[in-house]
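Working notes, structure below.
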Amino acid sequence: MRLRYTDANGITKLLERGRITVGVEGGRLLGLGCAAPFNLDSFVSNETGTYYGEALAVVEALHDASHGDVIVLTAADATGRTATLTVPVG
């Protein structure tokens, strides 16, 4: 799932830097990171920095998930900005 800092029109804010913490319900976080060429963060933690305003989360549905279930990903940064994405399984 692509995580981006955006303006009110949905345009990526390329100069926005921050640390994003991710939580997942109904699934499992497999990896989280950004494309920075020099990145000291672990790709298997639930926190990462952004690079040119973006990061990427890789999630997997639970093994017992069925059609109609959902994965809920919540992302928050240190300033208190949050976003929630709900993705149907199936």
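Just need a number here: residues in region 37-48 that are under 14 Å from residue 18 (Cβ atoms) and modelled with pLDDT of 95 or more.
Residues meeting the conditions: 2.
Give the residues of region 54-79 that are outside any loop (DSSP other than H, G, I, E, B) and among the aliphatic types (A, V, I, L, M), sorted by residue number.
Scanning region 54-79 gives 55, 56, 57, 58, 59, 61, 70, 71, 72, 73, 75, 76.
Could you check how many residues of region 1-13 are surrounded by fewer than 13 Cβ atoms within 10 Å (Cβ to Cβ) and either touching a residue at least 12 places away in the same chain (Cβ under 8 Å) or not aliphatic (A, V, I, L, M) (or both)?
4
Look through 43, 38 and report the one residue that is open to solvent by 50 Å² or more (accessible area, probe 1.4 Å), in a loop (DSSP other than H, G, I, E, B), touching a strand residue (DSSP E or B) at 6+ places or on another chain (Cβ under 9 Å) and not polar (S, T, N, Q).
Within the list 43, 38, the selection yields 43.
Every residue in region 21-35 that is without any contact (Cβ under 8 Å) to a residue 24 or more places away in the chain and either open to solvent by 50 Å² or more (accessible area, probe 1.4 Å) or part of a strand (DSSP E or B) (or both), please.
33, 35, listed by residue number.
How about region 61-90: which of its residues are open to solvent by 60 Å² or more (accessible area, probe 1.4 Å), modelled with pLDDT of 95 or more and in contact with a Lys or Arg (Cβ under 9 Å, 6 or more places away or on another chain)?
The answer is none; no residue qualifies.
The values are calculated or read from the model by the stated rules, or taken from the named source; none is laboratory data. All values derive from a computational prediction rather than experimental measurement. Reconstructed Cβ throughout: ideal geometry from the backbone, glycine too, with neighbour counts over all protein chains shown. Accessible surface is based on the protein model in full, side chains and every heavy atom, while ligands, DNA and RNA are left aside. Shrake-Rupley method; radii C 1.70, N 1.55, O 1.52, S 1.80 Å.
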